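The values are calculated or read from the model by the stated rules, or taken from the named source; none is laboratory data. Just so it is clear, the structure is predicted and the values come from calculations on it, not from any experiment. Cβ sites come from the backbone with ideal geometry, for glycine too, and all protein chains shown count toward neighbours. All accessible areas refer to the heavy atoms of the entire protein, side chains included, with ligands and DNA or RNA removed. Shrake-Rupley method; radii C 1.70, N 1.55, O 1.52, S 1.80 Å.
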Amino acid sequence: MQKNNEMEKNSHKYPIGVQGFEKLRKDGYVYIDKTKHLYNLINEGNCYFLSRPRRFGKSLFLSTLQEYFSGKKELFEGTFIATKEKEWLKYPVMKLDLNAEQYNTPEKLEGVLNDFLCKQEEIYGTRASETSFGLRFQGIIKRASEMTNMRVVILIDEYDKPLLQAIGNPELQDAYRGILKGFYGVLKSMDDCIKFAFLTGVTRFSKISVFSDLNNLNDISMDAKYNSICGITEEELLNTFSDAIDQLAEKEQITREDCINKLRKRYDGYHFKEGCQGMYNPFSILNTFAKNEFGSYWFATGTPTYLIELLQQHDWNLYNMEFANATADELNGIDSNNSNPIPVIYQSGYLTIKDYDKEYEEYTLGFPNEEVEKGFIKFLAPFYLSKSNSKSSFDIRAFVKDIESGNAEQFCKRMKSLFADTPYELVKDLENHYQNIVWVLFKLLGFYTQAEYHTSNGRIDLLIKTRSYTYVMEFKLDGTAEDALLQIREKDYPLPFSMDKKTVFLIGINFSNDTRNIEKYVIESKG
């Protein structure tokens with residue numbers, strides 16, 4: 001009976017996975033009005049690009065544009081644009097969605113483009129001389145404009161999906177780039193016949209020629225005016241989902257304020273421009289209220305395998321990712337050899353803007369929220385800590401049990417076996433290898449204990465705190481474990497914890513290039 005009462009109380013329809021504006025409006029789903037952005041776009045320019053993470057509302061906004069330019073006034077009743085628009089003209093609208101295919105061969109991409117063009121040619125005709133994708137697209141746009149006496153609207157969703165799927169395969173990426181360059185180039189060559197064009201994607205491949213000819217594209221991805229074009233602001237959250245927040249707080253047996261703080265901690269924090277308000281992940285918010293339960297919803301919808309491939313391909317030091325610095329040019333474009341994974345990680349939604357240095361015009365990046373941080377680290381774990389996800393999960397539980405029970409000796413033994421688990425041939429830079437394993441391990445431990453990993457001079461390499469124990473660790477590479485322990489003593493690292501009335505473990509660890517593992521560890525306890 002209680003379950004039925006909860007269902008009756010939470011009677012809102014949440015558009016989880018609903019990407020069609022017409023379906024959303026006609027079927028009575030919850031809708032946050034974003035048509036003010038639509039109004040500004042159509043009155044300020046005609047050719048745009050927007051980068052946002054997956055499941056952030058790009059497809060729904062594109063569908064909103066499609067219905068607006070199709071003149072469907074009835075769908076917009078009660079929205080901002082309904083108070084502004086008087087004519088509601090119907091334009092020829094062409095929408096290409098690259099979401100629906102797995103692009104493991106050039107033929108897959110060619111098939112999607114051919115299908116799109118064939119459907120348009122059924123309406124607007126074709127010519128025998130139009131033999132390439134670019135020529136066919138160009139001819140379609142021209143004839144559509146002539147036949148309707150209206151300029152054409154072009155909408156392209158996830159333009160970059162083929163390129164992203166080939167990010168670890170330069171040869172395949174070159175093939176996709178060659179196919180798409182001529183196709184997308186039509187947006188500039190046929191500008192006189194185009195009323196409006198809007199492209200969405202996760203990344204902007206600006207430096208590898210896909211966009212090199214499209215200098216008429218206005219990239220609004222880091223435009224403060226359009227910061228909230230996708231996602232949910234805190235004001236929208238509180239106004240639209242007030243009842244749902246109360247129901248969730250009641251179910252969790254916490255106050256409304258605590259519930260809001262928990263929502264903020266887990267799902268807020270996306271910043272697409274310095275100084276702009278943070279955005280909540282819409283997919284996670286909708287799922288949380290629909291299920292009346294906190295969960296890791298966004299991360300579960302797709303695994304960032306291409307990011308792992310990129311990180312491992314370049315043997316990237318993972319510690320640099322958490323405190324990454326980047327310029328606006330770096331964040332807005334991906335270089336031809338993808339040697340820096342930070343732009344891809346940022347644009348994919350796993351990092352966001354945390355701070356901005358005006359003098360050096362440099363951004364500081366970090367994880368946007370708890371859901372992303374936990375999800376990303378847990379996804380990294382099996383790639384760096386062991387050969388299987390189940391084994392990694394077991395190891396973490398065992399590590400936590402050792403730490404919480406004060407079994408420092410067993411903890412160090414587990415660390416040693418962890419390093420021995422990595423195949424020799426997978427290790428490129430040994431020091432990087434050590435740092436990456438330690439970083440992933442202690443980020444995971446930090447979800448269950450208070451773990452901090454530092455690398456700056458004069459600071460503790462690793463600090464872990466539980467209710468009963470404190471662990472102070474120092475690492476050396478080709479030094480001695482005794483020297484590591486001596487550094488802890490000489491710099492008096494345990495001093496801040498002397499009043500905690502906990503047992504403090506001082507642990508010095510030395511890694512060896514020769515053994516490719518922990519050569520020795522020494523443990524000393526106080527208290």
Among the residues of segment 260-306, how many are over 19 Å from Arg52 (Cα atoms) and among the aliphatic types (A, V, I, L, M)? 3
Single residue of Ile254, Ile232, Ile260 found to be surrounded by fewer than 19 Cβ atoms within 10 Å (Cβ to Cβ), of a type in the set (Val, Ile, Thr) and either touching a Pro at 6+ places or on another chain (Cβ under 6 Å) or closer than 25 Å to Phe376 by Cβ (or both): Ile260
Within segment 57-70, is even one residue of a type outside the set (Ser, Thr, Tyr), open to solvent by 40 Å² or more (accessible area, probe 1.4 Å) and modelled with pLDDT under 95? no
Which ones in segment 27-60 are within 24 Å of Lys86 (Cβ to Cβ) and part of a helix (DSSP H, G or I)? Thr35, Lys36, His37, Leu38, Tyr39, Asn40, Leu41, Ile42, Asn43, Glu44
Filter segment 17-31 down to residues that are open to solvent by 50 Å² or more (accessible area, probe 1.4 Å), of a type outside the set (Asp, Glu) and touching a residue at least 40 places away in the same chain (Cβ under 8 Å), then give me how many there are. 3
In segment 493-524, anything open to solvent by 70 Å² or more (accessible area, probe 1.4 Å) and either assigned to a loop (DSSP other than H, G, I, E, B) or not acidic (Asp, Glu) (or both) is listed as Leu495, Pro496, Ser498, Met499, Lys501, Asp514, Thr515, Lys520
The correct count of residues that are at pLDDT 95 or above and more than 15 Å from Leu62 (Cβ to Cβ) in segment 5-15 is 1
What is the one condition in (1) more than 15 Å from Phe198 (Cα to Cα); (2) of a type outside the set (A, V, I, L, M); (3) modelled with pLDDT under 95 that Cys47 does not satisfy? (1)
Identify the residue in segment 61-79 that is part of a helix (DSSP H, G or I) and free of Cβ contacts under 8 Å to residues at least 40 places away in the same chain and, among all such residues, is nearest to the chain's Cα centre (by Cα). Tyr68
For segment 343-360, state whether one or more residues are aromatic (Phe, Trp, Tyr) and buried (at least 21 other Cβ atoms within 10 Å of the Cβ). yes
